[in-house]
1. Taking region B:24-68 as the search range and keeping residues that are modelled with pLDDT of 95 or more, touching a strand residue (DSSP E or B) at 6+ places or on another chain (Cβ under 8 Å) and over 20 Å from B:Lys83 (Cα atoms), which one is farthest from the other protein chains (Cβ to nearest Cβ)?
2. Among the strands (runs of 3 or more DSSP E) confined wholly to region A:169-241, which include 1 or more residues that are within 30 Å of A:Ile256 (Cβ to Cβ) and among the hydroxyl-bearing types (Ser, Thr, Tyr)?
3. Of all the residues that make up region A:90-116, how many are without any contact (Cβ under 8 Å) to a residue 40 or more places away in the chain and either in contact with an Asp or Glu (Cβ under 9 Å, 6 or more places away or on another chain) or not polar (S, T, N, Q) (or both)?
4. Does A:Lys290 satisfy being in contact with a strand residue (DSSP E or B) (Cβ under 8 Å, 6 or more places away or on another chain), open to solvent by 30 Å² or more (accessible area, probe 1.4 Å), at pLDDT below 95 and within 24 Å of B:Val66 (Cα to Cα)?
5. Answer with yes or no whether A:Gly59 is on the phi > 0 side of the Ramachandran plot, modelled with pLDDT of 95 or more and more than 14 Å from chain B (Cβ to nearest Cβ).
6. Output the residues belonging to region A:296-327 that are touching a residue at least 24 places away in the same chain (Cβ under 8 Å) and open to solvent by 50 Å² or more (accessible area, probe 1.4 Å).
7. Checking the conditions here, which among A:Ile123, A:Ile107 is closer than 27 Å to A:Asp241 by Cα, part of a strand (DSSP E or B) and of a type in the set (A, V, I, L, M, F, W, C)?
8. Within region A:276-308, work out how many residues are within 14 Å of chain B (Cβ to nearest Cβ) and part of a strand (DSSP E or B).
Amino acid sequence: MAKKTPFYEKHLQYGAKIVEFAGFFMPIQFEGIIPEHETVRSGVGVFDVSHMGEIEITGPERIEFANYITTNDVSKLALNQVQYSAMLYPDGGIVDDLLVYNLKDRILLVVNAANTEKDYHWILQNKKFNVEIKNLSDEIGQLAIQGPKSEQLMQKIVDFDLSQLKYYWATETKIKEIDVLLSRTGYTGEDGFEVYMAAKDGLKIWDTIFEVGKDLNVKPIGLGARDTLRFEMRYCLYGNDIDKTTNPLEAGLGWIVKFEKGDFIGREALLKIKESGLKRKLVGFEVIDKGIPRPHQKIINGSKEIGYVTSGTFSPSLKKGIGMGYVEVQYSEPGTKFRVIGKEPISVEVIKGPFYKKGTHK
Amino acid sequence: MANVLEGLKYTREHEWAKVEGNIVITGITDYAQSELSDIVMVEPPKIGTTIKAGDAVGTIEAVKAVSDLFAPVSGEVIEVNEKVIKDPGIINRDPYNEGWLYKIKMSNPAEVENLLSAEQYRELIAGH
């Protein structure tokens, strides 16, 4: 039986279409993917992301340990700073991508819902240094408030000058007397916040947000729009674009791999991969004429198979089909054209950077 | 609960068929549009094409999913709804009227008997 998040009743109340996702009953959509997508691009929307996993590391050597199990450099984090990172297997394959919060007396790892148990066991299995590890996922509710009007909304309920909270920084504060962890993070490309609270306090926070957000026309947003929003930014999704058979270098995540920081799981394998050169790369591409690429479709150049699609969708902002996929490295330069084989072949062109370039995140 | 209109015939693949003499007007059901959500592209068969009942004759693409269009009966495509090609969202808003997809001149009108009644179609989708 799938789990319910603290906000399940709210989803029903707002008319959500519910699906089972990563072991949770989650809203896939409310009024529709496209209108919800537009709400986040132009106003403000609220996502229930309570299915995400939270793993806490405490103890005197928590920074050293977090540095050992992740690829980015945790020692560079100031107090309350957040970092996007990844955990690797010794062969360089990706265990998960995650956020690392450096908080007072603890490191908080926020991991993908479907991977929480796997990640927790992986971390326990690789325990070194003087640390304690706890899986807090069942006790924590999480909301993401995203969109250009999110600061305006959140400022009404947070007793903290949000103009002082920079992108990828967090603060432990209160909303209506309730302790929350608030960070300026998100996966939509828009300015926005993520709020973590005790699961039992979730509904009070939800009600507060929707009450003060009424004037801003705040709306609940489902997983469908969450996916189109992240995809327009070309952010990777674990299970689609990255997994244990892919490594961060070919996935374009080299920027979160800090070889110079010293030992971490997967380092040697990645160094070898780097030395011998990448064979394939994850690229983003736009449809030239018409059609919508879909995951698992083959990519061909002439009659030669050169890769496969990992994510593909209609882009509500660009009003056309967009995709990501792994291709042989010689086909990865922006401007390269090849075809995706769906029912009808679709001609696409490799592009640089995000698909949607006007996001308000800062 | 999805809307199922009396007086129409239905396929197991969620198309509806309205029989007018030897002409059939077809589209996808309210249930189908709701399952697909946000339809962004539709490609019905071209005018003049000869189609066979049960064959995949076109596609319909939503933001997150793609689906085949199956012919409810055999015959010749005699008209296509150009409006839904320009604005596929019509299918979400009004699947049984403005959202019709194409018209077929039947070559074997007896095939209509193989289609589901409204009641049978309601039973089919009740299990979902």
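The values are calculated or read from the model by the stated rules, or taken from the named source; none is laboratory data. Keep in mind the model is a prediction, meaning the values are calculated, not measured. In this analysis, Cβ positions are derived from the backbone assuming ideal geometry, glycine residues included, and neighbour counts consider all displayed protein chains. Note: accessible area is taken over every heavy atom of the protein model, side chains too, but ligands, DNA and RNA are not part of it. Shrake-Rupley method; radii C 1.70, N 1.55, O 1.52, S 1.80 Å.
1. Checked region B:24-68; the qualifying residue farthest from the other protein chains (Cβ to nearest Cβ) is B:Thr50.
2. On the way: elements: A:170-175, A:178-183, A:192-198, A:219-221.
Those strands (runs of 3 or more DSSP E) span A:170-175, A:178-183, A:192-198.
3. Residues of region A:90-116 without any contact (Cβ under 8 Å) to a residue 40 or more places away in the chain: A:98, A:100, A:102.
Filter again for either in contact with an Asp or Glu (Cβ under 9 Å, 6 or more places away or on another chain) or not polar (S, T, N, Q) (or both), leaving A:98, A:100.
Number of matching residues: 2.
4. Details: in contact with a strand residue (DSSP E or B) (Cβ under 8 Å, 6 or more places away or on another chain): yes; open to solvent by 30 Å² or more (accessible area, probe 1.4 Å): yes; at pLDDT below 95: yes; within 24 Å of B:Val66 (Cα to Cα): yes.
Criteria met by A:Lys290.
5. Working: on the phi > 0 side of the Ramachandran plot: yes; modelled with pLDDT of 95 or more: yes; more than 14 Å from chain B (Cβ to nearest Cβ): yes.
Criteria met by A:Gly59.
6. First pass over region A:296-327, keeping only residues touching a residue at least 24 places away in the same chain (Cβ under 8 Å): A:297-301, A:306-307, A:309-318, A:320-327.
Selection gives A:Lys298, A:Asn301, A:Lys320.
7. Details: A:Ile123 fails: part of a strand (DSSP E or B).
Criteria check complete, one pass: A:Ile107.
8. Let us first name the residues in region A:276-308 that are within 14 Å of chain B (Cβ to nearest Cβ), namely A:287, A:289-297.
When the remaining residues are screened for being part of a strand (DSSP E or B), the result is A:287.
Number satisfying all stated conditions: 1.
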